[in-house]
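K.L.:
This is the structure I want to talk about, given as structure tokens.
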Amino acid sequence: MFGRIDHIGVAVEDLDAAMELYRDRLDMREQHRETVEESGVEAVLLEVGESHVELLRPLSEETGVARFIERNGPGIHHVAYGTDDIDAALDAARAAGLRLIDEEPRRGIRGSRVAFMHPKATAGVLTELVEAAH
Ligand code: CO
């Protein structure tokens, strides 16, 4: 089902402060920045070898990431696993009886297709599947 860990999603309140930490002090290169209205976030991908840290700043109070920060404070929001075939991975997750948030893939950053599994089905870890754009 999973090919690799694609990224760790980190919820932040202050993107400039987070960039000062990750880019400037931890020396991770900024690879991509995108506002994803559909998900209500501004996202920045930073390079860590072949994987990434994905910083997520909520665009408004009504977004899932804003609610997460309100409940838990800033911090690790999700783990994303890369797959070459997200449709097959979703079928496999469904066959394994895992509860999904997204029954169908939706658009992620950089033209990827993504789908989230429910954290109640995955031991409290919000889990994302991501198929990179080809
Ligand atoms: Co993500």
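The values are calculated or read from the model by the stated rules, or taken from the named source; none is laboratory data. Keep in mind it's a predicted model, so treat the numbers as computed, not measured. FYI the Cβ positions are ideal-geometry reconstructions off the backbone, even for glycines, and counts take in every protein chain you see. Heavy atoms of the whole protein, side chains included, go into the accessibility calculation; ligands, DNA and RNA do not. Shrake-Rupley method; radii C 1.70, N 1.55, O 1.52, S 1.80 Å.
K.L.:
Take peptides 121-128, 95-102, 40-47 and line them up by average Cβ neighbours within 10 Å, highest first, as a rough protection proxy.
P.N.:
40-47, 121-128, 95-102
K.L.:
Let me ask another. Determine, at each q value in 0.09, 0.10, 0.13, 0.20 (inverse angstroms), the log₁₀ of I(q)/I(0) that the Debye formula gives when each Cα of the chain is one equal point scatterer.
P.N.:
-0.25, -0.31, -0.52, -1.24
K.L.:
Kindly work out what percent of the DSSP beta bridges joining two residues of the chain are antiparallel, to the nearest 5. It would help to have the intermediate numbers written out before the result.
P.N.:
On the way: 29 of 38 bridges.
Among the beta bridges of the chain, antiparallel pairing accounts for roughly 75 percent.
K.L.:
To the nearest 500 deg cm²/dmol, what mean residue ellipticity at 222 nm is calculated for the chain from DSSP H runs of n ≥ 4 alone, each contributing -39,500 (n - 2.57), summed and divided by the residues?
P.N.:
Values: 3 runs with 24 residues, N = 134.
Result for the chain, helices only: -5000 deg cm²/dmol.
K.L.:
May I ask you to give the solvent-accessible area per residue for the stretch 4-131, in square angstrom, as obtained with a 1.4 angstrom probe?
P.N.:
Numbers: 6740 Å² over 128 residues.
Normalised by residue count, the accessible surface of the stretch 4-131 is 53 Å².
K.L.:
Also, quick follow-up: Using a 1.4 Å probe over the heavy atoms of the protein chains, calculate the carbon and sulfur portion of the accessible area of the chain as a whole percent.
P.N.:
On the way: 3560 of 7290 Å².
Taking all protein chains in place, the chain shows 49 percent carbon and sulfur surface.
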